[in-house]
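Read through the structure below, which is laid out as structure tokens, and then see the notes.
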Amino acid sequence: MNATDIETEDSAEPTASASGEAPCARRSPLSLRAAWAGGEAPISRLMARTLDRPELISLAAGFVDPNTLPVGPTLAALKRLTADEERLRAALQYGTTIGLSSLRRQLAERLIAADGRDDLDPDELAGRMVLSAGSNPLLFLISDALLDPSDIVLCAAPSYFVYLGLAGGLGARAVGVESDDDGIVPEAVEDELRRRNRLGEGSRVKAIYVTSYYDNPAGRSISARRRDQLIEIARRWSREQTIFLLEDAAYRELRYEGDDEPSLWSRDSDGSRTAYVGTFSKSFSPGIRVGWAVLPPQLFGPVTSQKGHMDFGSPTFNQYLVDTVLREGLYDPHVETLRQSYRGKLDVMIEVVAEHLGPLGARWSRPRGGLYLWVELPEGIDTGLNSSLFQRALDEGVLYIPGELCYPSEGVQRPAGGLRLCFGIPSIRQICDGVAALGRAIKREQA
């Protein structure tokens, strides 16, 4: 549905008013934003299918492994927190809009260490941080502060489909830009900026959204050289207004190979154009729901003001719990446990994909972290929600994410044959059986 396609409530012929004036068609009671958001999200339909058929092996859901959830560390942190009556009372009370100061200070210290920015003052950095219930509310609030209807946000193609829906719900236009194994292609970003200028839409481009580490859906990270290039492009093209970089670092901790790479945010020397968003959902617990962001000065006021109107401060108890987890040294050992578990699952998925999909012409690249493997099938095979392959896969008992969901409606053309596989929640046995079932479905499709 387009932004202007608001249907009338009645199909009956309108009647003249008592004054004799021509009547107006009755408008929908819903806002334009409701129309832009559309109906039920495709991912909701996929999850409903999983729940309706519990025998299905889901290689679709981007959930964490339930066997690696931090039961022990959480119990230890709760014991310590509840033993301190003063802290417990504070945890049970309302908090501030920007969140618990001691947790923000710890996050600032960790980010400075990870990015090698010893020149920064952790107290000053903590003052530019905001905590929330997971990272998605912050992605929304930042985008809401930036994007008017018909404004443009550039993003990699493929990209995080939840963010594509979020931008669309604000009436904005997500435009896909070419990406490869080193992430979004800076030259393609610049080409798109030139194109928008030629179309008279240069002032409409407000942001570049990137998942900088092991992205969803393709497991790609942006290379060091490209990080520098993106910062420079945003600086150079900030002519009529600032073009912000929105850096989603949700998967940064899930690194299985190589060294950690300093963030795009750390390369933005004065922090004026990069918003860095992190979360504990993937690296600790999605049920606790603590996310955080470092905001440029220009965005801090608008985002925190809107956040205060929305939630009057995110759940305080969760923030105290995570603060205790970090303070007691319980977090880093848990992250290492996650890395070992997911590294083993990734190894198995690569092995069985090579065995069952490789001979059928599938192509993929091994990610160095994250939870996802992006697979491209031979030309002529459609992986879409309404495709025969998708139905064949369901018949074989396996569910995947169609690649078409991960492409913006503008920009790079959607290829028909991409799909996303997740190795987070399924067991080793389910990964083996699920990929084998997908292979059988593809063989039937090729027959």
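No lab work stands behind these numbers, since they all come straight from the coordinates. The shown structure was predicted, so the numbers you read here are calculated from the model rather than taken from an experiment. Positions of Cβ are backbone-derived with ideal geometry, glycine not excepted, and every protein chain shown enters the neighbour counts.
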Under the rule rounded for a/c under 1.5, else prolate if a/b exceeds b/c, else oblate, using alpha carbon gyration tensor axes a ≥ b ≥ c, the chain is classed as rounded
Under the 7 Å Cα-to-Cβ spin-label approximation, Ala34 and Thr337 lie apart by a distance in nanometres of 4.5
Quick note on His356, His309, ordering by fewest other C-beta atoms within 10 Å, gives His309, His356
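Quick one: Phe312, Phe317, Phe300, fewest Cβ neighbours within 10 Å first, how do they rank? Write out the running numbers ahead of the final one.
Numbers: Phe312 11, Phe317 16, Phe300 19.
In order of increasing Cβ crowding within 10 Å: Phe312, Phe317, Phe300.
Which whole-number percentage describes the relative contact order of the chain, with Cα contacts under 8 Å and a sequence gap of 6 or more? Intermediate results must be reported in sequence, preceding the final value.
Details: 798 pairs, mean separation 96.7, N = 447.
Over the chain, the number comes to 22 percent.
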Across Tyr251, Tyr320, Tyr94, the residue with the highest GNM fluctuation in the chain (Cα network, 10 Å cutoff) is Tyr94
For Val177, the residues 5 or more places away or on another chain with a placed amide H closer than 5 Å to its own amide H are Cys155, Ala156, Ala157, Val412
Counting sequence-distant residues (5 or more places) and residues on other chains, those with an amide H built under 5 Å from that of Val205 are Ile152
Whole-percent tail of the Cα-Cα distance distribution for the range 254-344, cut at 21 Å, equals 48
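Test of understanding: what is the full-extension gain from Lys443 to Phe312, defined as 0.36 nm times their sequence separation minus their Cα-Cα distance?
Numbers: separation 131, 0.36 × 131 = 47.16 nm, distance 5.41 nm.
Extra length available between Lys443 and Phe312 comes to 41.8 nm.
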To the nearest 0.05, the calculated FRET efficiency linking Leu78 and Asp270 through their beta-carbon distance, R0 being 41 Å, is 0.50
Answer in debye to the nearest 20: the dipole magnitude of the range 246-287 about its Cα centre, from +1 Lys/Arg and -1 Asp/Glu charges placed on Cβ, is 160
GluC sites (Glu not before Pro) in the range 196-255 lying in a DSSP loop, each with at most 14 other Cβ atoms within 10 Å of its Cβ, come to Glu240
When the charge dipole of the chain is computed with +1 at the Cβ of Lys and Arg and -1 at the Cβ of Asp and Glu, the Cα pointing farthest to the positive end, of Pro297, Ala83, Asn67, is that of Ala83
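Mind giving me the FRET efficiency for Asp52 and Gln430? R0 is 22 Å, r the Cβ-Cβ distance, nearest 0.05 is fine. Walk me through the intermediate numbers first.
Values: r = 18 Å, r/R0 = 0.82.
E(calc), rounded to 0.05, equals 0.75.
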Between Arg45 and Glu85, the FRET efficiency computed from the C-beta separation at R0 = 51 Å comes out, to the nearest 0.05, as 0.60
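Only helical DSSP H runs with n ≥ 4 go in: add -39500 (n - 2.57) per run for the chain, normalise by residue count and round the 222 nm mean residue ellipticity to 500 deg cm²/dmol. Intermediate values should be presented prior to the final figure.
Numbers: 16 runs with 188 residues, N = 447.
So the helix-based figure for the chain works out to -13000 deg cm²/dmol.
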Interchain or sequence-distant (5+) residues whose placed amide H lies within less than 5 Å of the amide H of Ile57 are Val398, Leu399
For Glu109, placing the label point 7 angstrom along Cα-to-beta-carbon and taking the range 313-348, residues whose amide nitrogen sits under 11 Å are 326-329
Distance in nm between Glu178 and Glu201 label points, each 7 Å along Cα→Cβ, equals 1.9
